[in-house]
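A.B. asks: Have a look at this one before I ask anything.
Only the coordinates and a few stated rules stand behind these numbers; no lab work does. Treat the numbers as computed from the prediction; the structure is a model and nothing was measured. Cβ coordinates were reconstructed from backbone atoms using ideal geometry, including for glycine residues, and neighbour counts include every protein chain displayed.
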Amino acid sequence: MTSKRATVSYGGPGLRFLAATESGHAVAFDDETGDTGARPLEVVLGALGSCTAMDVLSILRKKRQPVDWYRVRVEAEQRDESPRVFTAIRVIHELDGHEVEREAARRAIELSATRYCPVGAMLAAGTARLSHWFLMRGEHPADDELAHVVTLGPGAPVAGTRTGTGTELEAGAEPEAGAGVPSPERPSFTAGGRFSA
């Protein structure tokens, strides 16, 4: 078993803190009043997105998949009462690469979610239902393809791929018949199936 550690020091004013990692990097934290650093839970989402992105890109490179562009979006729902934990988290892997094989992308995301990413494993072991999706970007927004890869955590259904285009989902339709993805699981879309910034 390996030990990890971080040191958090008051940096002031207000509620500004600086976290120093074991690897020698610093992260600034603050509340909305001071606003000189990230909020702690924002960094949790960033850590989840970074963790799974590193896995997925490494796996796709090993499979010699030509990824032209890659971004991970993380959306979360948070309880209103304290402690304000996340109850649902959606991780959306957006890929652009006309020669990337859909099954290779799906499998890379599945491996990260179920085997490699420790941040995701810790979150899914708690109160959050964690779902992974991928969006293969087409030449035009109407050509985008959205697929559900896996959901983990409390009350998660059996893993399976569910597909539908961004346009169908943006219009409020469910993915293909029988998929049964509840609406809170679906990522948020803007016109044309692209994610909002």
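A.B. asks: For region 1-28: of the residues being of a type in the set (A, V, I, L, M, F, W, C) and either in contact with a helix residue (DSSP H, G or I) (Cβ under 6 Å, 6 or more places away or on another chain) or assigned to a loop (DSSP other than H, G, I, E, B) (or both), which is nearest to S112 (Cα to Cα)?
C.D. replies: Looking only at region 1-28, we keep the residues that are of a type in the set (A, V, I, L, M, F, W, C), and these are 1, 6, 8, 15, 17-20, 26-28.
Filter again for either in contact with a helix residue (DSSP H, G or I) (Cβ under 6 Å, 6 or more places away or on another chain) or assigned to a loop (DSSP other than H, G, I, E, B) (or both), leaving 1, 15.
Working: M1: 21, L15: 35 Å.
Selected residue: M1.
A.B. asks: Just checking, does region 123-133 include any residue being in a helix (DSSP H, G or I) and either closer than 16 Å to G153 by Cα or over 12 Å from the mean Cα position of the chain (by Cα) (or both)?
C.D. replies: Taking every residue of region 123-133 in turn, at least one turns out to be in a helix (DSSP H, G or I) and either closer than 16 Å to G153 by Cα or over 12 Å from the mean Cα position of the chain (by Cα) (or both).
A.B. asks: Checking Q65 against (1) free of Cβ contacts under 8 Å to residues at least 24 places away in the same chain; (2) surrounded by 14 or more Cβ atoms within 10 Å (Cβ to Cβ), which single condition isn't satisfied?
C.D. replies: Going through (1) free of Cβ contacts under 8 Å to residues at least 24 places away in the same chain; (2) surrounded by 14 or more Cβ atoms within 10 Å (Cβ to Cβ) one by one, Q65 breaks only (1).
A.B. asks: I would also like to ask the following. Quickly run through region 69-98 and pick out the residues that are in contact (Cβ under 8 Å) with a residue 24 or more places away in the chain and among the aliphatic types (A, V, I, L, M).
C.D. replies: Passing the criteria: V74, A76, V85, A88, I89, V91, I92, L95.
A.B. asks: Same structure, new question: Taking the condition closer than 18 Å to A156 by Cα, in a strand (DSSP E or B), basic (K, R) and within 16 Å of the chain's Cα centre (by Cα), does R115 pass?
C.D. replies: Working: closer than 18 Å to A156 by Cα: yes; in a strand (DSSP E or B): no; basic (K, R): yes; within 16 Å of the chain's Cα centre (by Cα): yes.
No, not satisfied.
A.B. asks: If I ask for residues that are free of Cβ contacts under 8 Å to residues at least 40 places away in the same chain and over 17 Å from S58 (Cβ atoms), which ones from region 99-120 would you list?
C.D. replies: E99, E103, listed by residue number.
A.B. asks: Please specify each residue of region 52-107 satisfying the condition of being in a strand (DSSP E or B) and of a type in the set (A, V, I, L, M, F, W, C). Break it down into steps so the answer makes sense when it comes.
C.D. replies: Of the residues in region 52-107, the ones in a strand (DSSP E or B) are 69-78, 86-96.
Matches in region 52-107: W69, V72, V74, A76, F86, A88, I89, V91, I92, L95.
A.B. asks: Is it the case that E32 is acidic (D, E) and surrounded by 15 or more Cβ atoms within 10 Å (Cβ to Cβ)?
C.D. replies: Working: acidic (D, E): yes; surrounded by 15 or more Cβ atoms within 10 Å (Cβ to Cβ): no.
Against the criterion (acidic (D, E) and surrounded by 15 or more Cβ atoms within 10 Å (Cβ to Cβ)), E32 does not qualify.
A.B. asks: Also, quick follow-up: Condition first: over 25 Å from I89 (Cβ atoms), surrounded by fewer than 16 Cβ atoms within 10 Å (Cβ to Cβ) and of a type outside the set (V, I, T). Now tell me which residues in region 1-14 satisfy that.
C.D. replies: The answer is M1, S3, R5, S9, Y10, G12, P13, G14.
A.B. asks: Kindly list, by first and then second residue, each pair from a residue in region 1-16 that is without any contact (Cβ under 8 Å) to a residue 60 or more places away in the chain to a residue that is of a type in the set (S, T, Y) and surrounded by 12 or more Cβ atoms within 10 Å (Cβ to Cβ), limited to pairs with Cβ atoms under 9 Å and residues at least 6 apart or on different chains.
C.D. replies: Taking only residues 6 or more apart or on different chains, the pairs are K4/T21; R5/T21; A6/T21; T7/T21; G11/T36; P13/T36; G14/T36; R16/T36.
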